[in-house]
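A short worksheet on the structure shown next.
Just so it is clear, none of the values below were taken in a lab; they were calculated from the coordinates. No experiment lies behind these values; they were computed from the predicted model shown. All Cβ positions, glycine included, derive from the backbone under ideal geometry; neighbour counts span all protein chains shown.
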Amino acid sequence: MTTPSSLLRPFSKLLTIELLGRKVEVPENNPLLRCLQYLAPEPISYGRFCWNEDCQYCRVTYDMGEGTQERAALSCKLLVAEGMRIKEVSQEIRFCLRDWNKN
C-alpha cells in the first residue's frame, strides 16, 4: 500500500490573493481551485467539479491588481499568483463557499 499523496502541489509559502473582496492566504504553485479547496476543504471536495476543464463549473473572472485587464479563466487550470484578485466566481463555487464567506 502506498501513502496517499497530498491534494496540493508542494509549496513553501502562502501567497496573498483577494477572493470576492476578502484577502486570503493560499499555497503557491497550485491551481486556484485547489487553493479554494485549501480554504474550504469539504464543500469544494463535494462540489460538482471535474478538475480537468470539461464541466466549466469552476469559471472565474480575475485581474492582477488595480489597472490590469480583467480575464476569465477556469480555476482548475489557473495558477495563483501574488496579488491576484478574484472578482467573480461561478454559481457552483459561490454555492460551495457560501458558509466560508460568512466568516
Most positive-pole-ward Cα, Gln69, Leu36, Gly83, against dipole of the stretch 14-102 from beta carbon charges:
Leu36
Residues Leu32, Leu8, Leu19 in order from fewest to most other beta-carbon atoms within 10 Å are Leu8, Leu19, Leu32
Quick calc, the chain, dipole around Cα centre from Cβ unit charges on Lys, Arg (+) and Asp, Glu (-), nearest 20 debye, gives 140
Roughly what percent of Cα-Cα pairs across the stretch 29-102 reach past 20 Å?
24
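Expressed as a whole percent, how much of the Cα-Cα distance distribution for the stretch 1-58 exceeds 17 Å?
Beyond 17 Å sits 46 percent of the P(r) for the stretch 1-58.
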Figure the gain on full extension for Cys50 and Asn29 (residue separation times 0.36 nm, minus the Cα-Cα span) and round it to one decimal in nm.
5.6 nm
If I measure Cβ to Cβ between cysteines in the chain, which ones have no partner under 4.7 Å?
Cys35, Cys58, Cys76, Cys96
Please report the relative contact order for the stretch 1-73, taking Cα pairs under 8 Å with a sequence separation of at least 6, and give it as a percent rounded to a whole number.
16
Scoring only Lys, Arg, Asp and Glu (+1, +1, -1, -1) among other residues with Cβ under 12 Å from the Cβ of Met64 yields -2
Within 10 Å of each residue's Cβ, count the other Cβ atoms and sort Leu36, Leu78 from fewest upward.
Leu78, Leu36
Order of Asp63, Asp99 under a 10 Å beta carbon neighbour criterion, fewest first:
Asp99, Asp63
Within the stretch 1-100, list the trypsin sites (Lys or Arg not before Pro) lying in a DSSP loop whose Cβ has at most 12 other Cβ atoms in a 10 Å radius.
Lys13, Arg48, Arg98
Among Cys96, Cys55, Thr16 - extreme Cα towards positive end, dipole of the stretch 14-102, charges at beta-carbon:
Cys96
Sites matching GluC sites (Glu not before Pro) across the stretch 8-79 that sit in DSSP coil, with at most 14 neighbouring C-beta atoms within 10 Å
Glu53, Glu66, Glu70
In nanometres, the difference between 0.36 nm per residue of separation and the alpha-carbon distance of Asp99 and Lys13 is 28.4 nm
